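The structure appears below as structure tokens.
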Amino acid sequence: MISKEVRENLQNASWIRRMFVEGSKLKAQFGEDNVYDYSLGNPYFEPPKSVTDKLKHVVNESTPGAHRYMDNAGFPEVRQKVADAINRDIVKPIAKEHVLMTVGAAGGINVLLRTALDAGDEVIIFAPYFAEYIFYINNHNGVPVILKTDEKTFEPDLDAFKAVITEKTRAVIINSPNNPTGVIYSEEALKGIGRVLIEAEEKFGREIYLISDEPYKALVYDGAVVPNIHNYFRHSVMVNSYSKSLGLAGERIGYIAINSQFEDVELFMSGLAFCNRTLGFVNAPALWQKVISDSLEETVDISQYQVRRDLLLNKLRALGFEMVEPKGAFYLFPKALEEDDVAFVMEAKKFNLLLVPGSGFGYPGYFRISYCVDLAMIERSLPAFEKLVEHYKNLKK
Ligand SMILES: Cc1ncc(COP(=O)(O)O)c(C=O)c1O
């Protein structure tokens, strides 16, 4: 028999998964083209040519030993290139020794939490949040503390933030550009978060890590910039991956980069390397470390995501949906047309629209649209949104 905890988690399958399963049923009934599936955040575009060219090169030129184990933190030359890319907009540069290659951002967050948390330590997350955070924190005996953000900005209110920090707080996870809102935290917000944490560290006499989960950092619109977290707080940790920026979600490649200003930087890095090993990742995939190393600052064609964002944003706003304009990532997070977001999503399903309720992100009353999908599907889906709005208007009559 499997563990009680895992059994319980299986029973509470995520909303994204549930909607995906619903979608498969609808597609069997109505045909692929007549179902509008906005449930999954699976990157849509193919990796840039530089990545596929390098992949062929690495495979063809493979030298003896290329596929062996390496240092648990990754290849030094790859870590150097990652550090160089991070250092482009940093005040105090980080060293390659402070970068650890990981199995995606998901692997990175788990390695980090395993390294930093004692049992019972609290980790603050901001709703709406990436639902997997709860499991990652629980994996390492931490306690998730959820703080709801303001619905106008989806950034944390600093007084409320201050109020949830306790003597047990060990980490805070932020995610910008955000899944599910698409919001990019402003420099002002990051400075504020940094200030609150400095005060809290002083008050409670312990370090609090600010974990910045940034897999969408390169997917930004209208020239938006994601500020470098290391400029705002001494105990900052960047977690990133190439899942979205290079369209490599299935290849599982990312990194952790800690602020070189940590007092115990060597010990922390040894802890990360140890946890990367003992959680069973051992090291990030050797082949993919090499493949991405010359494409770190490239991206999939972001303009194609922007076309999708603009089309949906304009259409949905014209239909009366309220939402904050997303500046990055590939999600929209509009207000549902009734208070009960789950009921709303079930109504939408009647029009073959698969949406994810805000409740799945700890934020009821809203819903998520993931627009990393075929443009033709978005165009085909627009009449269904019109019908859904019409349906709600009729209900109110
Ligand atoms: C906010 C957020 N963090 C982390 C991840 C995991 O990314 P990766 O594929 O790099 O593990 C995702 C994936 O969707 C995400 O949305």
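Here are a few things to note about the model shown:
- Of note, Val345 does not satisfy the criterion of being within 25 Å of Ser186 (Cα to Cα), under 23 Å from the mean Cα position of the chain (by Cα) and hydrophobic (A, V, I, L, M, F, W, C).
- Of the residues making up segment 244-258, those that are within 16 Å of Ala218 (Cα to Cα) and within 9 Å of the ligand (Cβ to nearest atom) are Lys244, Leu248, Ala249, Ile253, Gly254.
- As a summary of the residue check, Glu297 satisfies the conditions (1) in contact with a helix residue (DSSP H, G or I) (Cβ under 8 Å, 6 or more places away or on another chain); (2) at pLDDT 95 or above except for the one numbered (2).
- Near pairs, Cβ below 9 angstrom, 6+ apart or cross-chain, from segment 16-39 (farther than 22 Å from Leu312 by Cβ) to any residue that is loosely packed, with under 13 Cβ neighbours inside 10 Å: Val21/Ala13
- Checking each residue in segment 319-373 for being of a type in the set (Asp, Glu) and surrounded by 24 or more Cβ atoms within 10 Å (Cβ to Cβ) picks out only Asp341.
- So Gly142, is it at pLDDT 95 or above and out of contact with any Leu (no Cβ under 6 Å at 6 or more places or on another chain): no
- Applying a threshold of 6 Å to beta carbon distances and a minimum spacing of six or more residues, or different chains, the list of pairs starting in segment 234-252 at a residue that is closer than 15 Å to Ala116 by Cα and ending at one that is among the aromatic types (Phe, Trp, Tyr) and more than 10 Å from the ligand (Cβ to nearest atom) reads His235/Tyr209; Val237/Tyr209.
- Wholly enclosed helices (runs of 4 or more DSSP H) of segment 9-121 bearing at least 1 residues surrounded by fewer than 18 Cβ atoms within 10 Å (Cβ to Cβ): 15-30, 49-60, 76-86
- Within the option set Ile86, Ile134, being farther than 20 Å from Phe361 by Cα and assigned by TED's automatic domain parsing to the domain that holds Asp157 holds for one residue only, Ile86.
- Residue that is surrounded by the fewest Cβ atoms within 10 Å (Cβ to Cβ), among those in segment 200-219 that are small (Gly, Ala, Ser) and either away from the ligand (no atom under 12 Å from the Cβ) or not assigned by TED's automatic domain parsing to the domain that holds Glu167 (or both): Gly205
- Val183 vs. criteria more than 14 Å from the ligand (Cβ to nearest atom) and aliphatic (A, V, I, L, M): no
- Pick from segment 220-243, criterion within 11 Å of the ligand (Cβ to nearest atom) and either more than 16 Å from the chain's Cα centre (by Cα) or part of a loop (DSSP other than H, G, I, E, B) (or both), ranking: surrounded by the fewest Cβ atoms within 10 Å (Cβ to Cβ): Ser243
- Condition check for Arg380: within 18 Å of the chain's Cα centre (by Cα), basic (Lys, Arg) and surrounded by 15 or more Cβ atoms within 10 Å (Cβ to Cβ): no
- Residues in segment 185-219 that are of a type in the set (Val, Ile, Thr) and part of a helix (DSSP H, G or I) were compared, and the one that is farthest from Ser303 (Cα to Cα) is Ile198.
- Scanning segment 121-141 for residues being touching a Gly at 6+ places or on another chain (Cβ under 8 Å) and over 22 Å from Gly41 (Cα atoms) gives a total of 4.
- Against the conditions (1) out of contact with any Lys or Arg (no Cβ under 9 Å at 6 or more places or on another chain); (2) at pLDDT below 95, Lys56 satisfies every one except (2).
- Residue satisfying all of: in segment 122-155; away from the ligand (no atom under 15 Å from the Cβ), of a type outside the set (Lys, Arg) and part of a loop (DSSP other than H, G, I, E, B); surrounded by the fewest Cβ atoms within 10 Å (Cβ to Cβ) among these: Asp150
- Cβ pairs under 6 Å, 6+ apart, first in segment 83-109 and away from the ligand (no atom under 15 Å from the Cβ), second of a type in the set (Phe, Trp, Tyr): Val99/Tyr255
The values are calculated or read from the model by the stated rules, or taken from the named source; none is laboratory data. If you're wondering where the values come from, they're calculated on a predicted model, not measured in any experiment. Methodologically, a virtual Cβ is constructed for each residue, glycine included, from the backbone with ideal geometry; neighbour enumeration extends over all protein chains shown.
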